[in-house]
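Just below is one structure, and these are the notes that go with it.
Bear in mind these aren't lab numbers, they're just calculated from the coordinates by the rules spelled out. Every value quoted in this text rests on a predicted model; they were computed, and no experiment measured them. Ideal geometry is used to build each Cβ from the backbone, glycine not excepted, and the neighbour counts take in all protein chains shown.
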Amino acid sequence: MTEHADDILHLLPARLKDARRAQGLSLEAVANLSGVSRSMVSQIERGESSPTIATLWNLTRALQVDFAGLLEAANKQDRIDVLRAADVPVIQNMGQGCRIMILSPPEDAGGHEVYDISISTGGALISQPHSVGTREQVTVLEGEILLNSGSVEETLRTGDTARYAADVPHTIAAINADARVFLIVKNG
């Protein structure tokens with residue numbers, strides 16, 4: 001930790017409150033997600049109570065924030081958050097022949113999501129409509145894909161980028177060879 005204990009105790013309430021607000025959660029919602037009473041969450045945010053490690057752990061899990069990050073220096077400009085390749089979450093059972101690596105932080109879920117997707121020849125990521133106004137951007141890193149969005153279809157090759165509506169059924173399919181794409185989802 002890079003700050004003195006007194007500094008941490010002074011900054012912790014504001015950091016927890018900021019994390020809660022960034023998630024758009026009420027005190028009641030945080031209480032339900034964390035198992036910490038609403039009144040205790042409120043007292044901690046006002047600096048009237050110092051949480052135990054167990055309570056702090058439950059709160060950080062509910063708020064999807066890094067436990068250690070709450071206790072580190074506040075100057076985020078002087079830090080780099082690294083997600084090592086071995087730690088990247090992977091989804092293997094979605095679509096046909098797809099391996100989806102989640103590159104965006106958990107707190108961005110439902111907002112601005114980033115994926116690295118490998119699709120085997122003949123495989124496809126078939127998606128149902130997302131929320132109204134959702135858009136996606138796909139860039140082909142390797143191979144060739146067939147992209148469908150609603151009733152529109154387009155073939156993309158290595159280096160091509162497409163932006164399209166994702167609030168309709170849409171599909172990314174590998175054709176002729178394995179493909180790899182970089183996908184950004186911006187929820188509406």
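Tabulated data
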quantity: Listed residues 81, 116, 18, most fluctuating in the chain (Gaussian network, C-alpha, under 10 Å); calculated: 81
quantity: Ranked packing of 179-188, 132-141, most packed first, by mean Cβ within 10 Å; calculated: 179-188, 132-141
quantity: Per-selection Kirkwood Rh - the chain (Cα, Å, 1 d.p.); calculated: 19.0 Å
quantity: Highest average packing first - 20-26, 30-36, 47-53, Cβ atoms within 10 Å; calculated: 30-36, 20-26, 47-53
quantity: FRET efficiency for residue 112 and residue 52, using Cβ-Cβ distance with R0 set to 35 Å, rounded to 0.05; calculated: 0.55
quantity: P(r), alpha carbons of region 85-186 - 10 Å bins starting at zero, rounded %; calculated: 17, 52, 30, 2
quantity: Estimated dipole of the chain in Debye, rounded to 20 [Cβ of Lys and Arg +1, of Asp and Glu -1, Cα centre]; calculated: 320 debye
quantity: Gained length - residue 142 relative to residue 164, 0.36 nm times residue gap less alpha-carbon distance; calculated: 6.0 nm
quantity: For residue 110, net neighbour charge (Lys/Arg +1, Asp/Glu -1) across residues whose Cβ lies under 15 Å away; calculated: -3
quantity: Top positive-direction residue, dipole computed over the chain with Cβ charges, set 96, 120, 177; calculated: 96
quantity: Rounded to whole Hz, the Karplus (6.51, -1.76, 1.60) HN-Hα couplings of region 107-115, x for glycine and proline; calculated: 5, 8, 4, x, x, 10, 10, 10, 9
